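The values are calculated or read from the model by the stated rules, or taken from the named source; none is laboratory data. Here the structure is a predicted model, which is why all the values come from computation and not from measurement. Here Cβ is always computed from backbone atoms with ideal geometry, including for glycine, and neighbour counts include all displayed protein chains. When the accessible area is computed, the model is the full protein with side chains, heavy atoms only, and any ligands, DNA or RNA have been set aside. Shrake-Rupley method; radii C 1.70, N 1.55, O 1.52, S 1.80 Å.
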Amino acid sequence: MALMPIDDALALLLRDVSPLAAETADLAPSSGRVLAQALVSPKAFPFEDNSAMDGYALAASEGPWRLVGESAAGHPFEGRVAEGEAVRISTGAVVPQGADSVLIQENAERHGSDLRAMQTPRAGQHIRHAGSDLNCGDALLDAGHILQAADLAALAGLGITHVPLRRQPKVIIFATGDELVAPGEPRQRGQIYESNARYLSAAVSEAGAELLSASTLPDDRSVIDAALKDAIESADLLLLSGGVSVGDHDHVGAALAELCGGLTFYKVRMKPGKPVAAARKGGCVLLGLPGNPASTLVAFEIFGRAVLKRLGGAGRVHRRLDEAVVLTSLPAAGSRGELLRASLTPAGLQPCSRQGSGDLSSLLTVDALIYRPPGSTPITAGDRVPYLALFGPGSEHPLEAQWTVKI
Ligand code: AMP
Ligand code: MG
């Protein structure tokens with residue numbers, strides 16, 4: 001099979017993937033979840049005219065005024081303030097009827113109940129007017145928005161207790177390989193510590209999904225078959241690592257193809273991460289990711305995360321492509337699109353010194369993937385290069401489409 005361009009593979013993969021059902025959920029634990037519907041303000045805010053400062057509520061004039069009561073936060077003054085009268089007021093307290101100004105404490109001179117202004121108050125000053133921030137029916141957040149801590153503050157402040165959210169995608173992870181041993185277990189010669197399932201578990205949670213289980217499977221076709229059959233019953237996305245290439249002990253591609261009656265795609269024009277196998281069975285997407293840790297990372301970032309974001313109803317499904325100066329020169333790229341691990345520093349992108357897909361050291365500093373389209377010519381230090389940011393709000397467009405838009 002010819003190698004497929006990244007965006008073509010993504011288009012095939014996402015073609016039949018739709019957002020999961022909506023559910024009404026408690027606002028309190030909803031940070032990181034995706035809104036299923038746009039939200040509008042149920043109320044005007046502030047609810048009443050209230051004071052922005054500690055001081056005195058009064059009708060603006062030269063003064064003097066006579067103090068007739070108090071409006072404290074949570075304890076409004078219920079009477080009317082007549083001309084020449086003032087009410088002690090605290091920040092957030094309701095401005096009483098008849099008052100149109102707040103004289104701040106620092107500009108007031110008070111002797112008993114006699115009050116004078118060191119600076120003549122203006123009408124409207126230091127008052128937060130009802131509805132000045134938000135009107136009832138104002139647009140708040142779009143469908144597909146991922147709720148942040150600050151959103152929760154705004155929604156709670158409007159009295160909202162429940163929000164329409166997308167159901168979180170459910171994920172099962174299998175790391176395959178006879179050589180894998182769990183960190184903490186005694187390691188025999190020839191074994192390595194399993195790390196992909198650890199990475200994928202964390203990355204899946206960061207992508208807003210619910211992890212059902214993460215476990216290890218041997219390079220045994222019948223064990224893999226049985227595990228897959230079971231897992232597709234409960235998962236929206238099944239992630240496998242390892243065993244997806246052409247070695248004698250690589251069974252994942254064939255297992256996916258048989259279970260699903262064929263593959264959505266197999267082998268993508270990218271480096272690292274070429275041998276990615278995708279398939280679909282009923283409502284479950286299955287992705288076989290190459291076993292080298294950096295390949296797993298890149299292939300998950302491009303494909304696995306996009307599936308989860310689409311299932312989760314996010315508006316921005318892909319990582320965002322930006323541009324920055326590269327701090328070291330780069331050789332020409334080959335015929336595959338290259339995604340080089342790099343760290344983004346204030347001065348620019350620093351490619352990780354070791355780019356081998358089996359290396360672990362680059363995983364400690366990577367927060368960006370420099371994108372080198374197939375056939376790219378050499379780059380000199382100081383040139384600008386496109387990179388995928390492994391953080392931030394993401395993009396609606398897949399990698400190559402974003403790149404095309406940029407040039
Ligand atoms: P494979 O894709 O099975 O051919 O594996 C490619 C390389 O990745 C081999 O060196 C494996 O030992 C290594 N590898 C596979 N799975 C894992 C894993 N879960 N954690 C760490 N390394 C792995
Ligand atoms: Mg293997």
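Some points to look at:
- Restricting the range 238-254 to residues that are within 10 Å of ligand 2 (Cβ to nearest atom), buried (at least 21 other Cβ atoms within 10 Å of the Cβ) and of a type in the set (Gly, Ala, Ser) leaves a set whose member that is nearest to LYS309 (Cα to Cα) is SER241.
- Residue match in the range 265-274 (condition: away from ligand 2 (no atom under 16 Å from the Cβ), under 24 Å from ILE192 (Cα atoms), open to solvent by less than 30 Å² (accessible area, probe 1.4 Å) and not basic (Lys, Arg)): no
- The residue list GLU78, GLU83, GLU70 contains one member that is outside the structural domain of PRO275 (by TED's automatic domain parsing), free of Cβ contacts under 8 Å to residues at least 40 places away in the same chain, outside any loop (DSSP other than H, G, I, E, B) and open to solvent by 30 Å² or more (accessible area, probe 1.4 Å), which is GLU70.
- Only a single criterion out of (1) within 16 Å of ligand 1 (Cβ to nearest atom); (2) of a type in the set (S, T, N, Q); (3) under 23 Å from LEU344 (Cα atoms) is not satisfied by THR328, namely (1).
The rows are residues; the columns are (1) aliphatic (A, V, I, L, M); (2) within 30 Å of ASP151 (Cα to Cα).
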site	(1), (2)
ALA28	yes, yes
GLY32	no, yes
ALA38	yes, yes
PHE45	no, yes
GLU62	no, no
VAL81	yes, no
GLY98	no, no
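- Subset of the range 16-44 [open to solvent by less than 30 Å² (accessible area, probe 1.4 Å) and farther than 12 Å from GLN168 by Cβ]: VAL17, LEU27, LEU35, LEU39, SER41
- Residues that are more than 10 Å from ligand 1 (Cβ to nearest atom) and of a type in the set (Lys, Arg) were ranked within the range 173-206; the one that is nearest to the chain's Cα centre (by Cα) is ARG187.
- Those residues of the range 169-185 which are open to solvent by 40 Å² or more (accessible area, probe 1.4 Å) and within 15 Å of ligand 2 (Cβ to nearest atom), in sequence order: ASP178, GLU179
- The criterion of at least 2 residues that are surrounded by 15 or more Cβ atoms within 10 Å (Cβ to Cβ) and within 20 Å of the chain's Cα centre (by Cα) is met by the following strands (runs of 3 or more DSSP E) wholly inside the range 333-407: 337-345, 368-372, 384-389.
- Matching residues, the range 169-207, being in contact with a helix residue (DSSP H, G or I) (Cβ under 7 Å, 6 or more places away or on another chain) and either over 16 Å from ALA299 (Cβ atoms) or not aliphatic (A, V, I, L, M) (or both): PRO169, ILE172, PHE174, THR176, SER195, ASN196, TYR199
- Scanning the range 282-301 for residues that are open to solvent by less than 10 Å² (accessible area, probe 1.4 Å), more than 16 Å from ligand 2 (Cβ to nearest atom) and outside any strand (DSSP E or B) turns up VAL298, PHE300.
- Residue within the range 102-110 that is open to solvent by less than 70 Å² (accessible area, probe 1.4 Å) and in a loop (DSSP other than H, G, I, E, B) present: no
- Unmet requirement for LEU13, which otherwise passes all of (1) surrounded by 20 or more Cβ atoms within 10 Å (Cβ to Cβ); (2) assigned to a strand (DSSP E or B): (2)
- Some residue of the range 89-100 being modelled with pLDDT of 95 or more, polar (S, T, N, Q) and crowded, with 17+ Cβ neighbours inside 10 Å: yes
- Residues that are part of a helix (DSSP H, G or I) and in contact (Cβ under 8 Å) with a residue 40 or more places away in the chain, drawn from the range 193-213: ASN196, ALA197, TYR199, LEU200, ALA203, VAL204
- Just one residue in the set ALA235, ALA214, ALA257 is modelled with pLDDT of 95 or more, within 27 Å of the chain's Cα centre (by Cα) and surrounded by fewer than 22 Cβ atoms within 10 Å (Cβ to Cβ); that residue is ALA214.
- Cβ-Cβ under 8 Å pairs, at least 6 apart or on other chains, the range 248-265 side part of a loop (DSSP other than H, G, I, E, B), far side within 16 Å of ligand 1 (Cβ to nearest atom) and hydrophobic (A, V, I, L, M, F, W, C): ASP250/VAL244; HIS251/ILE224; LEU263/LEU256; LEU263/ALA277; LEU263/ALA278; THR264/ALA278
- Residue match in the range 122-140 (condition: under 30 Å from VAL285 (Cα atoms), open to solvent by less than 50 Å² (accessible area, probe 1.4 Å) and out of contact with any Asp or Glu (no Cβ under 9 Å at 6 or more places or on another chain)): no
- Search result, residues across the range 1-10 that are part of a loop (DSSP other than H, G, I, E, B) and touching a strand residue (DSSP E or B) at 6+ places or on another chain (Cβ under 9 Å): MET1, LEU3, PRO5
- Residue match in the range 321-335 (condition: under 22 Å from ALA202 (Cα atoms) and in contact (Cβ under 8 Å) with a residue 60 or more places away in the chain): no
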